[in-house]
Amino acid sequence: MAKIIIHQDAVKDPQKAVSVCPFNAIESTEEGLSINAACKMCKICVKRYPEIFEYVKDEAPSVDKDLWRGIAVYIDHIEENIHPVSFELIGKAKKMAAKIGHPVYCLLMGDNVGNMAEELLHYGADEVFVYDKPQLHHFRIEPYAAVFEDFIRKVQPSIVLVGGTTVGRSLAPRVAARFRTGLTADCTVLDVQENTDLDQIRPAYGGNIMAHIHTPRHRPQFATVRYKIFDAPERSNTKSGTLTPCKIGDDKLHSKIRVLEIRKKEKVKSIEDADIIVVAGRAFKKEEDLSMAYELADLLGGMVATTRPLIEAGWSDPRMQIGLSGRTVKPKLIITCGVSGAIQFVAGMNNTENIISINRDPKAQIFDIAHYAVIGDIYEILPDLIARIKAGSTQQGTS
Amino acid sequence: MQITVCIKQVPGTSEVDIDEKTGVLKREGIDSKMNPYDLYAIETALRLKAEQGAKVNVLTMGPPQAEAVIREAYMMGADKGFLMTDKKFAGADVLATAYALSQGIRTLGDSDLLICGKMTTDGDTAQVGPEIAEYLQIPHVANVRRIHEINEKAIVVEMNMAESVEIQEVQLPCLITVEKDIYPPRLPSFKLKLKTAGRPVKNVTFKDLKDRNEMHYGLNGSPTQVLRIFPPEPNKTNEHWEGSGEALSKRLAEKLHELKFI
């Protein structure tokens with residue numbers, strides 16, 4: 001419903017303003033001007049005194065959703081390697097696209113990205129749009145946003161999925177704001193309705209609540225998703241879909257950012273890539289005791305991760321932290337050792353296939369999400385478990 | 001040089017409850033605090049103030065009681081505080097929040113540098129900073145973990161990427177979002193508390209903004225709508241094991257074998 005609002009502070013002569021209405025719908029009272037039920041919405045007052053009377057619609061009209069077709073996935077890459085979250089998003093896009101009969105698009109931008117473009121054809125996207133320009137060699141926000149904008153204007157996708165990587169989390173909001181449309185960060189569930197509205201579910205308040213969000217009147221609908229939330233499709237041996245090289249003018253690729261240097265970080269294997277993770281929590285009394293966690297992880301061929309208190313104590317590298325303020329992991333197995341299970345930790349690992357949790361406190365929160373809640377002391381269990389695994393592997397080794 | 005820092009008041013704890021009947025967040029009786037990530041943004045601004053003689057503004061949007069975070073910023077050393085509070089700003093999603101803040105920032109005159117914390121602890125989106133930069137049509141760099149130098153024209157920052165660190169020179173004005181540990185934030189000082197007790201906080205309302213189209217703010221200006229909020233579902237499969245340490249470790253080893261991990 002539309003209405004006329006009155007900017008009282010702009011009223012200089014109330015009687016003059018009252019007299020403008022042919023229907024006598026404007027009244028002057030002690031509280032200022034008001035509009036009564038006689039108003040016919042002719043908007044003469046708005047035309048005559050725009051500084052006082054403003055015509056507003058309560059609900060902005062919806063875009064024509066039929067003009068927006070396709071589910072687009074932004075292909076994140078680090079140099080020559082496609083970030084695996086991009087494949088996971090293609091998988092999700094295919095499932096949703098099948099429901100509404102839309103195509104799946106990939107948007108790939110960078111410098112010399114031909115090989116990656118070919119590789120994408122093995123994952124079942126219908127069309128891969130490629131912007132290959134030397135100005136896109138490094139991630140700089142303005143040229144990347146300009147390319148994204150160009151793609152959206154040309155292709156008009158209904159849904160745009162972006163990985164929640166460093167680049168994605170910087171780029172997606174920039175482009176969403178450019179189109180004055182909605183963006184939902186870190187979705188953990190995505191589905192699509194027949195009318196192409198995207199159902200987005202995400203944790204908020206540190207994972208304490210889940211929010212179901214939609215974008216009913218705007219297109220495109222932007223969502224970011226973290227790595228390891230969805231499953232990547234199998235790589236097919238045959239290629240399918242088409243490659244579409246796209247042109248963009250050099251004038252659109254200007255940047256006020258100059259990349260001076262890129263330093264590789266020391267190579268630490270990331271916990272996000274580990275299939276098995278042993279998590280050390282606050283129950284470890286001394287830093288040296290962490291050797292139990294490392295030994296168990298070594299025996300299982302996994303890695304050690306930690307919770308925030310241990311990072312704060314300086315016992316572990318922040319890159320090894322699981323949780324909302326750390327990394328999200330989705331390994332095949334997690335063994336948490338003396339972790340209480342604060343919600344901000346749980347939000348970073350509760351998609352794990354097998355969760356084994358050891359904690360002395362039978363009421364520990366971690367047991368709410370553990371598949372196997374082991375109520376006991378890590379100082380009793382871990383050394384014995386390590387010994388058993390060692391004994392077991394010796395047997396296998398000799399047999 | 002003028003630096004403007006965007007800050008936010010957030011619930012003091014993330015242990016929030018939902019009213020099962022109405023589906024509304026129970027917010028009464030919950031303490032509020034400054035978003036912890038914003039402390040790093042303020043600290044960064046204050047370091048640059050000491051180095052460059054910059055003036056530091058802090059800007060927040062929220063209910064009248066959000067003045068508390070401005071007071072806290074004063075106690076750390078910020079110069080001027082602005083509180084955007086108006087019913088018309090209520091119910092804003094990321095886009096409407098970023099838009100209102102960008103309009104508020106424009107009322108402060110030209111800022112050379114805008115600094116935001118990496119994210120807030122209630123929304124967890126990390127999106128508002130980049131969206132503000134888009135509305136102001138200035139470049140932004142997210143995940144800044146170090147500042148190498150700054151002069152009148154440009155700032156050199158280290159952007160933290162997954163596998164690398166990118167050193168970028170960005171022309172001013174620009175917006176950066178800073179990571180925690182860029183600098184350890186100072187504690188609020190008692191001396192400054194006394195000194196700034198009478199310092200006003202300027203209210204910025206809808207009327208003060210250049211764009212006074214209500215449809216661009218609050219609930220009206222929000223493309224996303226929350227359909228429903230609900231508590232996360234606990235895991236269904238849930239075996240509890242009790243016993244002696246030895247019995248438990250034996251059972252664990254057997255389970256790991258059964259699941260083919262050993």
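A few notes on this one:
- Residues with amide H under 5 Å from that of B:Asn143, placed H, sequence gap 5 or more: B:Thr177
- If R0 is taken as 22 Å, the Cβ-Cβ distance between A:Ile262 and A:Arg235 corresponds to a FRET efficiency of 0.15.
- Built amide H within the under 5 Å cut-off of A:Thr307, gap 5+: A:Ala280
- Annotation: aspartates and glutamates with alpha-carbon distance below 13 angstrom to B:Lys195 (same-chain offsets under eight excluded): B:Glu72, B:Asp79.
- Peptide A:158-167 has a mean of 2 when you count, residue by residue, the C-beta atoms of other protein chains within 10 Å of its C-beta.
- Remark: A:Val259, A:Val329, A:Val104 ranked as A:Val259, A:Val329, A:Val104, counting other beta-carbon atoms within 10 Å and listing the fewest first.
- For the options B:Gly221, B:Gly198, B:Gly53, a Gaussian network treatment of chain B with springs between C-alpha atoms closer than 10 Å singles out B:Gly198 as fluctuating the most.
- Sequence-ordered 3J(HN,Hα) estimates for the range B:76-85 from the Karplus curve with 6.51, -1.76 and 1.60 and θ = phi - 60° stand at 8, x, 5, 8, 10, x, 10, 10, 8, 9 Hz, glycine and proline given as x.
- Acute angle (nearest 10 degrees) that the helix B:36-52 long axis makes with the longest principal axis of chain B, alpha-carbon atoms: 40
- Positive dipole terminus of chain B, leading residue within B:Thr44, B:Gly104, B:Gln225 (C-beta point charges): B:Gly104
- Separation of the A:Ala98 and A:Leu67 label points, Cα + 7 Å toward Cβ, nm: 3.2
- Cross-link check: pairs A:Lys133/A:Lys154; A:Lys95/A:Lys154; A:Lys65/A:Lys330; A:Lys94/A:Lys330 evaluated at a Cα-Cα cut-off of 28 Å; pairs beyond the cut-off: A:Lys65/A:Lys330.
- Gyration tensor (Cα) of chain B, equivalent ellipsoid semi-axes in angstrom: 38, 25, 20
- Gain upon complete extension [B:Ala162, B:Tyr183; 0.36 nm per residue less C-alpha separation]: 5.5 nm
- C-alpha long axis of helix A:141-155 to longest principal axis of chain A, angle in °: 70
- Modelled spin labels at A:Glu287 and A:Glu79, positioned 7 Å past Cα toward Cβ, are 3.2 nm from each other.
- In order along the range B:141-147, phi translates into HN-Hα couplings of 10, 9, 6, 7, 10, 7, 10 Hz, rounded to whole numbers, per the Karplus curve 6.51 cos²θ - 1.76 cosθ + 1.60 with θ = phi - 60° and x for Gly and Pro.
- Rounded to two decimals, the Cα-based Rg/Rh of the range A:271-398, with Kirkwood Rh, is 0.95.
- Modelled FRET efficiency - R0 41 Å, A:Asp9 with B:Glu233, Cβ distances, 0.05 increments: 0.20
- Zero-based 10 Å bins, Cα pair distances in the protein assembly as shown, whole percents: 3, 14, 22, 24, 20, 11, 4, 1, 1, 0, 0
- Neighbour-count order for B:Asp79, A:Asp317, fewest beta carbons within 10 angstrom listed first: A:Asp317, B:Asp79
- Rounded if a/c under 1.5, otherwise prolate or oblate - the range B:104-170, Cα gyration tensor axes: oblate
- The HN-Hα couplings worked out from phi for the range B:133-139 by the Karplus form 6.51 cos²θ - 1.76 cosθ + 1.60 (θ = phi - 60°) are 4, 4, 5, 8, 6, 10, x Hz, whole numbers, x standing for Gly and Pro.
- Calculated over the range A:65-253: convex hull of Cα atoms, volume per residue (Å³): 109
- Neighbouring partner chain Cβ atoms per residue of B:151-164, average, 10 Å criterion: 4
- Secondary-structure-derived ellipticity at 222 nm for chain A, considering helices only, amounts to -8000 deg cm²/dmol, per-run term -39500 (n - 2.57) for DSSP H runs with n ≥ 4.
- Cβ-based exposure ranking for A:Trp68, B:Trp241, in which fewest neighbours within 10 Å come first: B:Trp241, A:Trp68
- Inter-chain Cβ neighbour count for A:364-374, averaged per residue, equals 5 (cutoff 10 Å, partner chain atoms only).
- Of all lysines in the structure, the ones whose alpha carbon falls short of 23 Å from that of A:Lys3, not counting any fewer than 8 places away in one chain, are A:Lys12, A:Lys16, A:Lys40, A:Lys43, A:Lys47, A:Lys57, B:Lys87, B:Lys88, B:Lys207, B:Lys210.
Coordinate-derived values only; no laboratory data. Source: prediction; values computed, not measured. Glycine also receives a Cβ, built like all others from the backbone with ideal geometry; neighbour counts cover every protein chain displayed.
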